[in-house]
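The values are calculated or read from the model by the stated rules, or taken from the named source; none is laboratory data. Bear in mind that the values here come from a model prediction, so they are computed numbers and not experimental data. Note that each Cβ is placed from the backbone with ideal geometry, even for glycine, and that neighbours are counted across all protein chains shown. Note: accessible area is taken over every heavy atom of the protein model, side chains too, but ligands, DNA and RNA are not part of it. Shrake-Rupley method; radii C 1.70, N 1.55, O 1.52, S 1.80 Å.
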Amino acid sequence: MHRTGTSAVNYLTLGFTELPLNSSNLHNHKPYNLPINARYSFKHGVHKFWLYSTDEPLSLNSTTRPRSEIRIRGYDYSHGIWQFEGHGFVPYDTSGVCIMQVFGAHPKRATTLMLRMIDGWLAYYGGPFLVPNMWERWFRLNVIHDVEASIVKVYVDGVQVYQAPGHGGSFHYFKFGLYAQPNASYYMESRWKGIRVLKKDYY
């Protein structure tokens, strides 16, 4: 297992307030024709998501690709500095899939951030490619979204790997799991634990 230093955790969360999370904050999105437990499990503190590229979309008439993911509810935001933290694991050969999102943007797009797994790389949307050799190891992901500054910073194992522009929008929220993208592998899987949502207000 890939270990990370505690100093990086303290640095990234310094000045933030951690918000309470329970099952009422975790809303599953899955193929409309399947029960939740056909594509998701939660055991021993680990959220496990799996998906097939041939699965149905979220709703009957949707034109989107299949997904098995969690939308964090109760903490939609429109100002301030917000942070997502989670420890993720993606098995070998899972590719062409979004594993984390900052949802919400101006009307011409749906998301401010998509992090995808593509051939073992962590990528910002379809590129640039940020971190190689991400398969088959636990990693800590921190995403910090400064709404007023319109900046999103991505950290892997405590190291900043990308800074992206914000994309407007009247509200935002975090999602994690699996959302199939172009050239998705037939079978997709991701696992997550230690999910945290934190915020910092402007003073």
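Put simply, when 11-23, 102-114, 187-199, 158-170 are sorted by average Cβ atoms within 10 angstrom per residue, most first, you get 187-199, 102-114, 158-170, 11-23. The residues of segment 1-106 expose, per residue, 52 Å² of accessible area to a 1.4 Å probe.
Taking 44, 172, 29 as the candidate residues, the one with maximal mean-square fluctuation in a Gaussian network model of the chain, Cα springs under 10 Å, is 44.
Our summary gives segment 1-158 a relative contact order of 21 percent, counting only alpha carbon pairs under 8 angstrom and 6 or more residues apart. Legend: residue pairs 108/200; 108/175; 108/153; 43/199; 48/200; 43/200, Cα-Cα distance threshold 25 Å; pairs beyond threshold, 108/200; 43/199; 48/200; 43/200. Counting only protein heavy atoms and a 1.4 Å probe, segment 121-201 has 39 square angstrom of accessible area per residue.
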